[in-house]
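Working notes for the structure below.
The values are calculated or read from the model by the stated rules, or taken from the named source; none is laboratory data. The structure presented is a predicted model; accordingly, all values stated were derived computationally and were not measured. Using ideal geometry, Cβ is built from the backbone for each residue, glycine included, and neighbour counts are taken over all protein chains shown.
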Amino acid sequence: METLFNSPEKYKKHDKIVDGYKTHFIEGGFDNNAHLLLVHGGSAALGAGLYRWWPTFLPLCKHFHTFAIDELGHGFTDPPRKEEDLGNVRVRAQHVIDFIDQENLGPLYLLGQSQGGWIVTFISITRPDLVRKLILVDSGSTAGSLVKNEGEADSQKIQEIDGEKMEIGSWELPYFKKIFEPGTMMPKIGMLETRSGIREYTEAFSSNHTMVTDEYIDYLEKTSKRWTKYYNERRGKNFWSKTNVAGQHDMYSFDGKHIREQVHKIKAPTLFIAGKNSCKGIDPQFQLYKKMANAQMHVLNQANHFCWWDQWQDFNDLVIWFLGRTQNN
Amino acid sequence: MKTLFNSRDKWKSKFATIDGYKTHYIEAGKENKKCLLLVHGGACEVGMGNYRWYANIVPLSETFHVFAIDELGHGYTDSPRDLHDLSHIGVRANHVLKFIETLDLGPLVIAGQSQGGWIVTYIALKRPDLVEKLILIDSGSTAGRTAEIANIGSIEVDGEKIDGNTVDMPYYKDLFEPGTMMPKEGLTTTRDGVRKYVGSFFYNKSMVTEEFLDNLMELSEKWHQLYTDYRGKEYWKKTSVAEQRKQLQIDGVHIREHVHKILIPTLVIWGKNSNKGLDLGYMLYKLFPNAQFHIFDQANHFLWLDQWKDFNTLVTWFGSKQ
């Protein structure tokens, strides 16, 4: 398996200024192939960025001119200028749009996981001119796991999340209690200060713990040194004393509606890949899929939220299949 | 599109004697490739058989040694000895199992659509040693109906809400006499009737081609009277849809209650616009312990024709991957 860690000669690292922000990204594959951009999800307080694509990036480079970006406040990119914007998906999405525009990458293939799925969905709705095809990967933030709509049928009230029956509207997913302080999405105090804590935190999102490799933990220790204290000061106790999980979810709405109520507007052919064992819940993601207008869905087995690790071979194959395919006639 | 009709040199029509029955099948692809058996669903009372795979067999034969069987009472295969067994799913399943044994095809990849999905699931349960990988295609009969499933409540079928207490599907009212699964007058005997009947399972009606209809009309001449005699008014006088569905049970419970035992790598494929209901497909998928699920868009029950290109490449990938 060729990875970002064992084959550094196969891709280029760049740092460029985008909207005044120093922005880190990597690039691989042939110039004359179609552009593909990988957009990562949240970092919690670790600042984890694009190197989470370590088993994905190089296999995709064989077929696509592939880019992966570190979003604002993640990896080796700058934090947002306004402190309150740290972690905000809208602000991160605008930065990704600015990056695509500046580097003149569009229209391109967009692939985003979790909050990165929200970001690529947002781009597909608001800037359809930039998007050729869209791939969403296990995105609870786009699905609105456990967010109840007004007038929603009682039959949809209970959903199964990771083997547990959960009531819609209860907000807190079963995995929260493993890694977050109660009533928040703040990592348990002290958890990210040790290598074993960082490992345990990361394992909560993966079915196949052998994919939580030492090289990846080395990387997280590096990002954590840069970011954990920064996040703790801005998204720590003070932040959560004023905010609850429900309030935090407001950022997933725009133009007065949750993004899931707007996915029917997406024009680009879409593939939604999810993990059957996702800690974000497969039921809400199936419900999200049904609202999409031009989409296929694939559920991987023995796959948690980080399904692109857990089933990396199948994941890479499916992405290559979907982006490379031509439709009937 | 390479089809059975335009690529006649790429496949062979063959007969074998299976359990005393003259059995027709199509064979394509090199013998040294992995075997893939395609198992069709119901006859639409015209005896529709393996030609429904017309856009799939030749493309799949580039990777697999492909077999497509005509089940008992379908296509160019004999009818069952006891004509009361016509269309009986268990009788057809045992015949398919004997076909695999007689031709010594196992372990192989088996793909079944609709009732054919029930049949391949049955084989995976009875003889897991014969099955390397299992592919289920929009198999409502393997899933069941809302009234048969505890706590499922109402479901949605292609945008329509279905009552939790019914075994009927919305499309029944267009095709079947009330309270039965017997097609309305004319749907199995006239070309326009057959086009309407079969077309109701397609999203892309242009895939009900004239060549395919030629085959269906030829089969209708052979079969429709037999189906009228044994699956017509007399049969439905004695049988309700719920009663008929007991055929789908194994050891007194619906087959879906058994699928948790199947450890064979499985791919469940469903059509977003299936007239059997996507919700039921999703519910069924979750019962399989070692399965992936793929949903095609703009795809009804006959999704392997609606989205033939994606279907062929996806099955090629799943069937051949390490």
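Table for the structure above
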item	result
Strands (runs of 3 or more DSSP E) enclosed by the stretch B:17-75 - at least 3 residues per element that are in contact with a Leu (Cβ under 9 Å, 6 or more places away or on another chain) and closer than 24 Å to B:Asp214 by Cα	B:21-28, B:64-69
Options A:Tyr201, A:Tyr216, A:Tyr230; residue that is touching a Phe, Trp or Tyr at 6+ places or on another chain (Cβ under 9 Å) and farther than 30 Å from B:Gln298 by Cα	A:Tyr216
Index of the failed condition, B:Arg245 passing every other in (1) under 15 Å from B:Val46 (Cα atoms); (2) part of a helix (DSSP H, G or I)	(1)
Test: residue in the stretch A:257-276 that is facing chain B (nearest Cβ under 9 Å), among the β-branched types (Val, Ile, Thr) and touching a residue at least 60 places away in the same chain (Cβ under 8 Å)	yes
All positions within the stretch A:1-34 that are assigned to a strand (DSSP E or B) and of a type in the set (Ser, Thr, Tyr)	A:Tyr21, A:Thr23
Per-region count, the stretch A:219-258, residues among the polar types (S, T, N, Q) and at pLDDT below 90	5
B:Leu134 being closer than 23 Å to B:His88 by Cβ, within 14 Å of chain A (Cβ to nearest Cβ) and surrounded by 16 or more Cβ atoms within 10 Å (Cβ to Cβ)	yes
Filtered residues of the stretch A:277-316 (kept if at the interface with another protein chain (Cβ under 10 Å from one of its Cβ atoms), touching a Lys or Arg at 6+ places or on another chain (Cβ under 7 Å) and assigned to a helix (DSSP H, G or I))	none
Within the stretch B:260-301, tally of residues that are surrounded by 24 or more Cβ atoms within 10 Å (Cβ to Cβ), within 16 Å of B:Ile110 (Cβ to Cβ) and aliphatic (A, V, I, L, M)	3
Hey, B:Thr142 part of a helix (DSSP H, G or I), buried (at least 18 other Cβ atoms within 10 Å of the Cβ) and away from every other protein chain (no Cβ under 14 Å) or not	yes
Test result for B:Ile264, touching a Gly at 6+ places or on another chain (Cβ under 9 Å) and more than 24 Å from B:Phe302 (Cβ to Cβ)	no
Some residue of the stretch B:212-229 being surrounded by 14 or more Cβ atoms within 10 Å (Cβ to Cβ) and in a loop (DSSP other than H, G, I, E, B)	no
